[in-house]
Structure formats: structure tokens, C-alpha cells
Amino acid sequence: MAVVGAGDATPEQRELAEAVGRALAERGAVVVTGGLGGVMEAACRGAREAGGSTLGILPGHDRREANPYVEVAVPTGLGEARNALVVRAADSLVAVGGGFGTLSEIALALKAGKTVAGLDTWDLGDGAVSPAATPEQAVEAALAGAA
């Protein structure tokens, strides 16, 4: 399951992302992120603290750029194009906050027919992103969509 969102997330968004990462790990899911800070780091922290596994698909060439909670770091050298790899590596997505990079991941996931659950994120107005009021609701929606 991918957790996507802004690298410059608010404290509230980081808290939500950490809870999502933790809940995914508790359900046995591998948490896939873009491997950097903000939402990505918080989700990885939550997953690792719950004993889960994390995969960071990095935009640059250096795996040392990964946040300290990434268990497996994959440097791509693709910049923002790595967003497509984050989406393709996951069965579904949870989007927490985010800017245009997050919007691109949401769009790629929807185009690929994947479920996207959203917390404090883009509302596309057509119900394509399943809004969630809590991290638990977002995780349930993402896991149900991946089944």
C-alpha cells in the first residue's frame, strides 16, 4: 500500500500519515512511499514502529537521501517521474494532504484502476477519491480496494 503526500506536510498531516503507516503495518501491508520527508517519513515511522516493512522509491540517485525509517531504498534518478513507480508498486493508495506531486500520484492510481483513499487531500468532485475522516477509515478503504 502506498502512502503519498507532501514532503512539507503540516504537523496534523504528519500525525495522520504516521497513524496510517502504523495501521497498515499492523494489518501486514508493506508501506510504499517516495522515501523522503513529511508524509512519507511519518508513514514510514509509523509502519516501522509497528514492526512493519517500508519501501522508499527515491527521486534521486543516492539511497542515503531516504528518511531513516525506510527499510529498502530504491534510488531511481527519475525525479518526479518516480511517482509512477510508487503507484505501480502499490495495490492501492492513501493520500494525506499534498500538492501537485500528490495529485499526480492520485491521477496515475485512478488511471490504473486503483483505489485511492484520502485524508485532508484533493477532492476531485467526482467521488474518485474515497474521503476518510480517520486514518483507520482510510486504511480500511485502501485494503478493501486492494482485495
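Points to keep in mind about this one:
- Test: Thr10 is among the polar types (S, T, N, Q), touching a residue at least 40 places away in the same chain (Cβ under 8 Å) and either surrounded by fewer than 20 Cβ atoms within 10 Å (Cβ to Cβ) or more than 26 Å from Ala133 (Cβ to Cβ) (or both): yes
- Residues satisfying the stated conditions in segment 110-147, i.e. assigned to a loop (DSSP other than H, G, I, E, B), touching a Leu at 6+ places or on another chain (Cβ under 7 Å) and among the hydrophobic types (A, V, I, L, M, F, W, C): Trp122, Ala128, Ala132
- Any hit, segment 64-78, residues being more than 21 Å from Leu36 (Cβ to Cβ) and either in contact with a strand residue (DSSP E or B) (Cβ under 6 Å, 6 or more places away or on another chain) or free of Cβ contacts under 8 Å to residues at least 60 places away in the same chain (or both): no
- Residue match in segment 34-55 (condition: surrounded by fewer than 23 Cβ atoms within 10 Å (Cβ to Cβ) and touching a His at 6+ places or on another chain (Cβ under 8 Å)): no
- When Ala73, Ala66 are checked against the criterion of being over 14 Å from Val3 (Cα atoms) and crowded, with 24+ Cβ neighbours inside 10 Å, a single residue qualifies: Ala66.
All of the numbers you see were taken from the coordinates with simple rules; none came from a lab. In this text, all values refer to a predicted model and were calculated from it rather than measured experimentally. Positions of Cβ are backbone-derived with ideal geometry, glycine not excepted, and every protein chain shown enters the neighbour counts.
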